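Worksheet: one structure, shown below.
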Amino acid sequence: MIRVGDAATAPDFPEAARRDLGNAQLRRNVRHATDVIRGKRALVVGETDDWQALREAGRRIKAHTLAHLDTYLTAFEENCTRAGGHVHWAADADEANRIVIDIIRSRGESEVIKVKTMTSDETGLNRALEAAGIAPHETDLADLIIQLGHDRPSHIVVPALHRNRAEIRDIFLRGMQLTELGGEPEDLTGAARRFLREKFLRVRVGFSGANFLIADSGGVCVVESEGNARMCLTLPQVLITMAGIEKVVPTLQDLEVFLQLLPRSATGERMNPYNTIWTGVTPGDGPGEFHIILLDNGRTKVLADPHARDTLHCIRCAACLNACPVYRQTGGHAYGSIYSGPIGAILTPQLQGLEHSQSLPYASSLCGACYEVCPVKIDIPEILIHLRRRIVEERGSYLERLAMKGAALTFSDHRWFSRAQTVGRFLQRRFEKDGYVTSAPGPLAAWTRTRDLPAMPAQSFRQWWAARKATA
Ligand code: SF4
């Protein structure tokens, strides 16, 4: 079954957003955290002379790879297998989870240490593991906060961004069963380190996602800031990685571009503190057994749509979330998906299906801030509009489709546009007040409930121009 976290059963965005807009603490936390990351990003992007050329290079590499995805995926499979790795293919979330569980069970293990991975949040792996009697231990600091707090991630890069220090201290006190704990950052990170260290040394199975898969060598790349991933990737006997099929790049040299774009866009760093690349297995060095699961879960559907396939260029930096005026107000939970913000608004409906997430493409002001910051130049506003059109075509009411056809006709021919203006001017007389229409009738009433519509000028530009020419 294709699954994107709990997106299939999540409430619509307007309903969930209304709930979260009432949480002043959450809004303060989100605003503060995104302001800090945006400031750092602006600084390190500003000092890069060739930033626009790097963005274009990233876009081109992704577009080329997606156009030849079958070739690069099979090359990755061959090279990874030759290097001693085991490659598994999963059509959907359930199949991917089943493969992970089977590997862990067949080794007689009942625990796994995990590196932060959106892909496993997408498949709902932790829930599946727990149902199978396997204990997953998150080792990324933010994911640990989420796990101990029985919470949901609200940001792609900083999943616990909606929590402040006092809240994290309370979560650690309860979740780690501590009797006392200071509230300074070093107190919290110290507690996490002590809590996790024992697990790093004891648990024999590690699990990770991947930032990039390298086709020409079969290598896998994970970048991180804390060092916990390096522990999970090197200490256990068995390592399992789950990655979306769009994560493949042709060569190691392509990382020259992405390892500049990603850290600058994600955390405002010039380089990630830890960049780990491994290829298969090496006796006496790291895990003795390596499995990689290549996950489809709706991605080939996205690839089949030429107007929306650029969605798969995403390198999950979250710069679009930090820049989005909607996300900055609501935070991530309102999106009902582990992918929130602008990328969530286009990715979730395509993976999960428009019938489940049809409010998400409307969760945007179309201001274009997401496109401006996207390091691989995904034109998110264009894809949002495309998805809105698909929603109306596939699921809209007869009246809505008729209204859209009427609008298309009106805007495509100046004579129809002129007639519509005349009718509009006539109708607005009844509702205009001081140059604004403040309460429209019928189905338009919802629109003017929160907005004032500027009244149409008495004359169109065309009419004004014709009159001017006549009197010249
Ligand atoms: S869409 Fe672009 S900006 Fe947003 S997370 Fe993906 S790569 Fe980053």
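Couple of notes before you dig in:
- Residue that is farthest from the ligand (Cβ to nearest atom), among those in segment 338-363 that are among the small types (Gly, Ala, Ser) and crowded, with 24+ Cβ neighbours inside 10 Å: SER357
- Search result, residues across segment 373-417 that are open to solvent by 30 Å² or more (accessible area, probe 1.4 Å) and within 16 Å of the ligand (Cβ to nearest atom): LYS377, ASP379, GLU382, ILE385
- Which listed residue, of ARG55, ARG60, ARG27, is open to solvent by 30 Å² or more (accessible area, probe 1.4 Å), part of a helix (DSSP H, G or I), in contact (Cβ under 8 Å) with a residue 40 or more places away in the chain and among the basic types (Lys, Arg): ARG27
- Segment 172-202 - residue that is open to solvent by 60 Å² or more (accessible area, probe 1.4 Å), basic (Lys, Arg) and under 32 Å from the mean Cα position of the chain (by Cα) and, of those, farthest from GLU138 (Cα to Cα): ARG174
- Whichever residue in segment 220-267 is among the small types (Gly, Ala, Ser) and in contact with a Cys (Cβ under 8 Å, 6 or more places away or on another chain) and, among such residues, is surrounded by the fewest Cβ atoms within 10 Å (Cβ to Cβ): ALA266
- Taking the listed residues LEU148, LEU144, the one that is under 25 Å from ARG28 (Cβ atoms) and crowded, with 22+ Cβ neighbours inside 10 Å is LEU144, with no other qualifying.
- Any hit, segment 418-431, residues being surrounded by 10 or more Cβ atoms within 10 Å (Cβ to Cβ), in contact with a strand residue (DSSP E or B) (Cβ under 7 Å, 6 or more places away or on another chain) and not in a helix (DSSP H, G or I): yes
- Matching residues in segment 446-472 - criterion: being open to solvent by less than 100 Å² (accessible area, probe 1.4 Å), part of a helix (DSSP H, G or I) and out of contact with any strand residue (DSSP E or B) (no Cβ under 9 Å at 6 or more places or on another chain): ALA446, GLN463, ALA466, ALA467, ALA470
- Check on ASP285, among the charged types (D, E, K, R), more than 10 Å from the ligand (Cβ to nearest atom) and open to solvent by less than 40 Å² (accessible area, probe 1.4 Å): no
- For the residues ARG270, ARG316, the requirement of being at pLDDT 95 or above, within 15 Å of the ligand (Cβ to nearest atom) and open to solvent by 10 Å² or more (accessible area, probe 1.4 Å) singles out ARG316.
- As a summary of the residue check, ASP310 satisfies the conditions (1) more than 16 Å from the ligand (Cβ to nearest atom); (2) within 19 Å of the chain's Cα centre (by Cα) except for the one numbered (1).
- Close pairs from segment 300-323: first charged (D, E, K, R), partner part of a loop (DSSP other than H, G, I, E, B) and near the ligand (Cβ under 8 Å from one of its atoms), Cβ under 6 Å, at least 6 apart: ASP310/ILE378; ARG316/ILE156
- The lone criterion from (1) assigned to a helix (DSSP H, G or I); (2) open to solvent by 50 Å² or more (accessible area, probe 1.4 Å) left unmet by CYS370 is number (2).
- ILE380 in contact with a Phe, Trp or Tyr (Cβ under 9 Å, 6 or more places away or on another chain), within 30 Å of THR48 (Cα to Cα) and aliphatic (A, V, I, L, M): yes
- Of residues in segment 432-445 being part of a helix (DSSP H, G or I) and surrounded by 10 or more Cβ atoms within 10 Å (Cβ to Cβ), the one modelled with the highest pLDDT: ALA445
- For segment 328-337, filtering for residues that are over 18 Å from ILE385 (Cα atoms) and surrounded by 24 or more Cβ atoms within 10 Å (Cβ to Cβ) leaves 6.
- Of all residues making up segment 152-171, the number that are open to solvent by 40 Å² or more (accessible area, probe 1.4 Å) and assigned to a loop (DSSP other than H, G, I, E, B): 4
- For segment 93-141, the set of residues classified as in a strand (DSSP E or B) and either under 25 Å from GLY298 (Cβ atoms) or out of contact with any His (no Cβ under 6 Å at 6 or more places or on another chain) (or both) consists of GLU111, VAL112, LYS114, ALA135, PRO136, HIS137, GLU138, listed by residue number.
- Hits in segment 93-114 (condition: in contact with a Gly (Cβ under 8 Å, 6 or more places away or on another chain) and open to solvent by 10 Å² or more (accessible area, probe 1.4 Å)): SER110
The values are calculated or read from the model by the stated rules, or taken from the named source; none is laboratory data. Because the structure is a prediction, the values reported are computed rather than measured. As a convention, Cβ positions derive from the backbone with ideal geometry for all residues, glycine included, and neighbour counts pool all protein chains shown. These area figures cover heavy atoms from the full protein model, side chains too; ligands, DNA and RNA do not enter into them. Shrake-Rupley method; radii C 1.70, N 1.55, O 1.52, S 1.80 Å.
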